[in-house]
Every structure is written in C-alpha cells, then in structure tokens.
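Contents: one structure, followed by commentary.
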Amino acid sequence: MGASKTDGIHDIVRREAMCEGARKLRDTYAITPNVPLYRKEFGFYCLEQWGKEGLSAEISIDEYFSFDQPGVSGFCGLGSCEPAYAPPFEVKLLEERGEQEIEQDYAGRKVLYFKGRRQGFMPEYLDHPVKDRKSWEENCKWRLNPHSPERYADLKERIEIVSQGAREGKIVSQGIIGGYMYLRSLMGPVDVMILLHEQPELIHECMEAWFHLADVLTAKHQEHLTLDEIRIDEDICYNKGLLISPDMIREFLFPYYQQLILNIKSRQIDRLRHLFLNVDTDGDANPIIPMYREIGLDVMAPFEVASGCDVVEIGRKFPWLVISGGIDKRVLAKGKKEIDGHVERILPAMRARGGYIPTCDHGVPEEVSLENYLHYRKRCVELGG
C-alpha cells in the first residue's frame, strides 16, 4: 500500500512512524507478552494535598512521574459520567445548609456538597430530572438533539487534533456515556430500578435517544477518521456485583450497543480495522466480563481491589482481555514495604502475560502521600520495563 494510505485513517501507520506512546499502547492492546508496561494513571484526587507536601504546580505531572506520551487521540461530545446535553442545565445554588449547600448541576440533578467544595469527595445526589415521560420530555429529551448547532461549533478543530493523533499511530477513541450510567444520571440509582419494572417503554425511549445521538455524532466523526475504539463509561457494578440484572442488561442496554457497534463498523473508512470495545466500571467487575464479551468487550478498567477484583487472577481467567487498573489505593496509602509486596506480586506476572496497564483502581486519593506515590511509580518503572 502506498504511503498516502498509511495515514492512520485508511490504514494504521507503519510502526516506525508511530510515536513512542502509540507503539507501547498498541503493544498492550495486542496483549504482547514481556513488552514494557505502558505508564499512565487513572486520575488524581490528591493534587491539592500533594501541593502541601511539596509538589510544585509548575512541574509537569507526566515528566515527574515518568508517564508515557499519550497513546490515544480521542473524541468526546457524547458524555462520560453525565449525558451530553446541549444545552446543559443551568448550574445554580438552590439552598444553603450550614456547612453544606444544594446546587443544581449541569445534568439537572440536585446535589448536596460541602460548601465551596466540588472535588475530592462523593457528593449526595438528592434528586434527578426524570420521573416519568412528562419530565423526560420537558427536562431532558430535547437537550439530546444530535443536530443542535453547538455540538458542531468546534468540529473542524476536533477533527484536526484527532487526525494528527492518527497520523502518529495513536488509538482513535470515541468516548460515550454507558447506557446504565446514562439512565442513572437521568433518574437516579433507585428510581431507575423502579422504572425498569414499571415503565419499560420509557426506558426504551430514553435509550433510543442515547442511540440516536451516539449514532449521528460518530457518523460525523467517521466521515474523516477510522475509529480504533469505543470507550464506554458504564459504572454498572458495586462492591457486591451487578447493579441491575443480566436479563435487564440484555433487554435494555445490549440491543442499542449492538446496533451502534454494527453501524460504526459499517461506516469505517478502514474496513479491516479491529474496533476495540473498552468498558469502565467501578465495583466488582467479574460478573460482567463474560457478559460484555457477548457484544465485543476487549478492554476494561479500573478493577477495584476492595470489591474483589484481582487482576492477576482475572488475567489468567480471561486471556483475551486488556486490563487497566488493579493497584489497590489502600495499599498505596500504607507504606513502602506494603507497596513493594503488592506490585511485586502483580507487575511481573502481568508483564509476562501482556495486555496490562498498571493504574490505581480509581483516582489516587489524598490519603496516599506524595512520597508513597513516588515510590510506587519508581517500582512501576523498575518492574515494568
């Protein structure tokens, strides 16, 4: 094939033309044994505390912690933990309660926060915008119109940024709020369970809007690029397993996922490109791994250790799965001896297996000291190559 076609769009670029981050991440996705582990982190809830411990705001986090160059070039615009509303709800203060305050957030939820704080803790969600069909139509449905002009205001710039990543061999990823995360954001975790039973037709209507928005926007992106990955933020598990039943997943989520994946594959410029399905869920992910394999699961994160996720065991049981996460944040908060024992059990075994990215099993909490985290990153470099 001519050089003009190995542009990351019509075909994946040659390995020697890839940036280092892309090579390492593609080796990971290929589950290549004994290659250096890709270096990244899930996220941080501790930077303010680390600033008090001496971390300068002028320091590049990537350089300071020896992270790799990004290997992904991605599209957003389809939600993550909240639906992709256009326009979003007005953010406004509703009530003050001493040291706490209630705010309407941009997803239309009433949220109880500590006064003046929005990060570093789990807020309490008091109310959600969808109670029935009337509230769905009045509050949310019209905000999910895929043809809203504001969705395309910076499309040209986004296409160029991702196209440059594709030319460097980076994985072109499309992020989408998962169906369960989407429904939970609309209705709340309790009411969604009730409405799944009492108003299944409303659930399907909400999912049809989810599908239509995702299908139209991915089609627009695919006019210019080939996608390597669909990344779904799902959070469908808690510490004891699934939040909804397998039957409900297959009835209310999978048909929309399957149709979207089928449509995306049919539109690919590079028809031979494998389309990875990457699913993120907190809690005990063990039950959904074989289930989501039914619709093409390839990659999963972040494998919360406190909920029973052991990435070494999961890696043995599911040799086809690319795994990111599984480093216990509680251990990182202890001491260097405990950190050493933890990573020495996990990293050599997972490097030998391949297909593993060591990250904390959620955002690094402020209980993890900067000294401990630096020691952990040093051991990742030593053991991960």
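The values are calculated or read from the model by the stated rules, or taken from the named source; none is laboratory data. The structure presented is a predicted model; accordingly, all values stated were derived computationally and were not measured. So basically every Cβ, Gly included, is an ideal-geometry build from the backbone, and we count neighbours across all protein chains shown.
Quick notes
- Note on segment 171-193: among residues that are among the aliphatic types (A, V, I, L, M) and over 16 Å from the mean Cα position of the chain (by Cα), the one that is nearest to GLY71 (Cα to Cα) is LEU183.
- Among the residues here, ARG97 does not qualify as at negative phi, out of contact with any strand residue (DSSP E or B) (no Cβ under 8 Å at 6 or more places or on another chain) and surrounded by fewer than 19 Cβ atoms within 10 Å (Cβ to Cβ).
- Candidate set from segment 299-319 (those that are in contact with a helix residue (DSSP H, G or I) (Cβ under 6 Å, 6 or more places away or on another chain) and among the hydrophobic types (A, V, I, L, M, F, W, C)); member that is surrounded by the most Cβ atoms within 10 Å (Cβ to Cβ): PHE303
- Selection status of ARG379, under 30 Å from SER56 (Cβ atoms) and buried (at least 17 other Cβ atoms within 10 Å of the Cβ): yes
- Residue in segment 228-237 that is under 21 Å from the mean Cα position of the chain (by Cα), in a helix (DSSP H, G or I), of a type in the set (D, E, K, R) and assigned by TED's automatic domain parsing to the domain that holds ILE161 present: no
- Matching option when the condition is in contact (Cβ under 8 Å) with a residue 24 or more places away in the chain, over 24 Å from THR226 (Cβ atoms) and not basic (Lys, Arg), among MET122, MET187: MET187
- Within segment 339-385, tally of residues that are hydroxyl-bearing (Ser, Thr, Tyr), assigned to a loop (DSSP other than H, G, I, E, B) and either in contact with a helix residue (DSSP H, G or I) (Cβ under 7 Å, 6 or more places away or on another chain) or closer than 23 Å to CYS237 by Cβ (or both): 1
- Any chance ARG15 is farther than 30 Å from TRP210 by Cβ, surrounded by 17 or more Cβ atoms within 10 Å (Cβ to Cβ) and assigned by TED's automatic domain parsing to the domain that holds VAL162: no
- Residues that are surrounded by fewer than 20 Cβ atoms within 10 Å (Cβ to Cβ) and among the small types (Gly, Ala, Ser), drawn from segment 37-73: GLY43, GLY51, GLY54, SER56, ALA57, SER60, SER66
- Filter pass, HIS342 being closer than 18 Å to ILE59 by Cα, of a type outside the set (D, E, K, R) and either surrounded by 21 or more Cβ atoms within 10 Å (Cβ to Cβ) or at pLDDT 95 or above (or both): no
- For segment 238-249, the set of residues classified as assigned to a helix (DSSP H, G or I) and either surrounded by 15 or more Cβ atoms within 10 Å (Cβ to Cβ) or not charged (D, E, K, R) (or both) consists of PRO246, MET248, ILE249, listed by residue number.
- Criterion: more than 22 Å from MET207 (Cα to Cα) and of a type in the set (A, V, I, L, M, F, W, C) - qualifying residue of LEU94, LEU144: LEU94
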